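The values are calculated or read from the model by the stated rules, or taken from the named source; none is laboratory data. In this text, all values refer to a predicted model and were calculated from it rather than measured experimentally. Positions of Cβ are generated from backbone atoms using ideal geometry, with glycine treated the same way; all protein chains shown enter the neighbour counts.
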Amino acid sequence: MDRRQFLGGASIAGMAMSMPADILASDVPTDLTSMSASELSAAIRQRHVTCVEVMQAYLARIHKYNPTYNAIVSMVADDELIKQAELADRALDNDEYWGWLHGMPLAVKDDANVEGFPTSHGSPIFAGTIAAADDLLVARMRRQGPIFIGKTNLPEFGMGSQSYNNVFGTTGSAWNPNLTAGGSSGGAACGLGTQMLTVANGGDLMGSLRNPGAYNNVIGFRPTQGRVPDSRGGDLFYQQMGTGGPMGRNAEDTARLLVTISGQTPIQPLSLRDKLPAVSEFKAPDLKGLRIGWMGDFNGYLPTEPGVIELCEASLKTLADNGATVEACMPRFDMDRLWQTWLTLRHWTRHGMRELYDDPVTRAQLKPEAVWEIEGSFNTSAEQIYWAGVARADWFAEMQRLFETYDFLILPTAQVFPFDKSVHWPEEVNGVKMDTYHRWMEVVIGGTLAGLPICNVPAGFDQANRPMGMQVMGRFGYDQQVLEFAMAYEAVTDHLQKRPELVSGTA
């Protein structure tokens, strides 16, 4: 089946989705890359711009800035991408509309398989491995008609909230290429922050959609566990920690991609059965009367860089000024117990990498943090896993208790601002030594362990112009409501309207 036949078969599903609202030709800016994904989609559908023009604009921007920021890797050749854009334009000439991503450039995180593209996982062990088929998430995006232009950079095997690896190097923040973009979806977030990408996918086990969202001043959304199913196999019942999810320059674009990639599948027994509505049904709520629980640093439990809490609280004041009730709250839970639960379950999820560890050749190519994670799984007993499961259930129950009082719970997205990208991970935060390579991101584990929908929303910038974000957590299954809140937040703040001063050239 050729591309036209494949996409033609999917066009009904594409049209059934809520299409972006119409725009006027006069509203199309000279710089096409400055348009949101929803705006650009409408402009293409209404033939205000051609897919070739869009591709040329994005390629020019990528060639100008990507050598500095290193967000996109494994790029397809320009002439091939232009040919695909011409094909997309001819389809529109023939009244064939593939979906809301019709003819738009898209890059996929380099731990997901795109047919015919290399999947490196940021590891020299897998560098150059060509995918034979699309992963489920990628197939769902493909049905909406994008043009895949390459992959987005990440840390080795997605481990660590800093996107560096020995295959492609390090990704810098859109706001300062000398600082980290975060991770593991660092390339995706940087690509959005620099306007080299329209929307992007990512994955999140320990903040990998949230942390890079904060470090690049974009939206990163971790869906409810089971909302976005995975087709890559492995344990389908117990190791429910990581999930795929969307990123966007604003909440609307993020919601549109979430609707695209979500939905129940028979190959995932724990995928959610309910269906998200069309994006046209997402409505920003009135902030007046909403109750917000602010958990901050858990009453000083979390070491936090000076300025992070204050910046978040300034944005919370904006919410209060617009009618929301914001109150400090604290879970009735032993936070060290939560951390030990995390360590046990995190090690357990990495036991599937033992084959790479047992082979001396591949073990030598693993970064030390990966070796530590795998070795940590060797002595993890059934008793430890059982009690970690009980603790996780207790934590979920405590979150539900808080949601009886609050509509949303909010935390900082990270405990530190973006740091020098040559540093693999902060060994100290505000005078406190970090005892693991990921302890500095402890702030994100609560949402993961409860399986909640969580949206990173920008919180502003410190005096050094370093961005920070806040995690907005909602009830299990309330993905729509969390993104609707993000829309309301976006309407009363100006953080997303601010653009970085980009640096062209080579890193």
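Looking at the structure I just gave you, is ILE82 farther than 23 Å from GLY248 by Cα, part of a helix (DSSP H, G or I) and modelled with pLDDT under 95?
no
Determine if region 112-119 includes at least one residue that is of a type in the set (Val, Ile, Thr) and assigned to a loop (DSSP other than H, G, I, E, B).
The answer is yes; a qualifying residue exists.
Which condition does PHE157 not pass, out of (1) under 20 Å from THR243 (Cβ atoms); (2) under 12 Å from the mean Cα position of the chain (by Cα); (3) part of a helix (DSSP H, G or I), if it passes all the others?
(2)
Return only the number of the condition from (1) under 10 Å from the mean Cα position of the chain (by Cα); (2) of a type outside the set (D, E, K, R); (3) farther than 23 Å from ILE410 by Cα that LEU192 does not satisfy.
With (1) under 10 Å from the mean Cα position of the chain (by Cα); (2) of a type outside the set (D, E, K, R); (3) farther than 23 Å from ILE410 by Cα applied to LEU192, the lone miss is (1).
Looking at the structure I just gave you, is HIS351 surrounded by fewer than 18 Cβ atoms within 10 Å (Cβ to Cβ), more than 30 Å from PRO285 (Cα to Cα) and modelled with pLDDT of 95 or more?
Spelling it out, HIS351 is indeed surrounded by fewer than 18 Cβ atoms within 10 Å (Cβ to Cβ), more than 30 Å from PRO285 (Cα to Cα) and modelled with pLDDT of 95 or more.
Could you please give the count of residues in region 130-167 that are of a type in the set (Phe, Trp, Tyr) and over 18 Å from LEU192 (Cβ atoms)?
The number of residues fulfilling the criteria is 2.
What about GLY128, is it assigned to a loop (DSSP other than H, G, I, E, B) and closer than 24 Å to HIS63 by Cα?
Here the answer is yes, as GLY128 does meet what is asked.
Within region 70-82, can you find the residues that are of a type outside the set (Asp, Glu) and either surrounded by 21 or more Cβ atoms within 10 Å (Cβ to Cβ) or more than 26 Å from PRO155 (Cβ to Cβ) (or both)?
ASN70, ALA71, ILE72, VAL73, SER74, ALA77, LEU81, ILE82
Here's a check for you: in region 11-52, which residue that is part of a helix (DSSP H, G or I) and surrounded by fewer than 17 Cβ atoms within 10 Å (Cβ to Cβ) is modelled with the highest pLDDT?
My answer is SER34.
Exactly one condition in (1) in contact with a strand residue (DSSP E or B) (Cβ under 9 Å, 6 or more places away or on another chain); (2) surrounded by fewer than 20 Cβ atoms within 10 Å (Cβ to Cβ) is not met by GLU501; state its number.
Failing condition for GLU501: (1).
Here is a check on your reading of the model: is GLN400 polar (S, T, N, Q), assigned to a loop (DSSP other than H, G, I, E, B), at pLDDT 95 or above and within 23 Å of VAL457 (Cβ to Cβ)?
Considered against the rule, which asks whether it is polar (S, T, N, Q), assigned to a loop (DSSP other than H, G, I, E, B), at pLDDT 95 or above and within 23 Å of VAL457 (Cβ to Cβ), GLN400 comes out as no.
Just give me the residues in region 207-226 being surrounded by 24 or more Cβ atoms within 10 Å (Cβ to Cβ) and not in a helix (DSSP H, G or I), in sequence order.
GLY207, SER208, LEU209, ASN216, ASN217, VAL218, ILE219, GLY220, PHE221, ARG222, PRO223
I'd like the full set of residues that are out of contact with any Lys or Arg (no Cβ under 7 Å at 6 or more places or on another chain), crowded, with 24+ Cβ neighbours inside 10 Å and farther than 30 Å from THR170 by Cα, limited to region 86-101.
Within region 86-101, ALA88, TRP98 qualify.
Could you list, in sequence order, the residues of region 421-479 that are assigned to a helix (DSSP H, G or I) and under 15 Å from the mean Cα position of the chain (by Cα)?
Once the filter is applied, which keeps residues that are assigned to a helix (DSSP H, G or I) and under 15 Å from the mean Cα position of the chain (by Cα), region 421-479 yields VAL444, GLY447, THR448, ASP479.
Kindly evaluate ASN201 against the criterion of being within 25 Å of ALA127 (Cα to Cα), surrounded by 24 or more Cβ atoms within 10 Å (Cβ to Cβ) and either of a type in the set (Phe, Trp, Tyr) or in contact with a Lys or Arg (Cβ under 9 Å, 6 or more places away or on another chain) (or both).
yes
With respect to the numbered conditions (1) under 30 Å from LEU287 (Cα atoms); (2) touching a residue at least 40 places away in the same chain (Cβ under 8 Å); (3) out of contact with any Lys or Arg (no Cβ under 6 Å at 6 or more places or on another chain), which one is the sole condition not fulfilled by ALA397?
It is condition (2) that ALA397 fails.
If the Cβ limit is 6 Å and pairs must be 6+ apart or interchain, which residue in region 354-372 that is touching a residue at least 12 places away in the same chain (Cβ under 8 Å) and surrounded by 10 or more Cβ atoms within 10 Å (Cβ to Cβ) pairs with which residue that is among the aliphatic types (A, V, I, L, M) and assigned to a helix (DSSP H, G or I)?
What qualifies is TYR357/ILE374; THR362/LEU356.
Kindly indicate whether LEU276 is in a helix (DSSP H, G or I) and among the hydrophobic types (A, V, I, L, M, F, W, C).
For LEU276, the condition - in a helix (DSSP H, G or I) and among the hydrophobic types (A, V, I, L, M, F, W, C) - is not met.
PRO67 is checked against (1) surrounded by 22 or more Cβ atoms within 10 Å (Cβ to Cβ); (2) within 23 Å of the chain's Cα centre (by Cα); (3) part of a helix (DSSP H, G or I) and fails just one. What number does that condition carry?
Unmet condition: (1).
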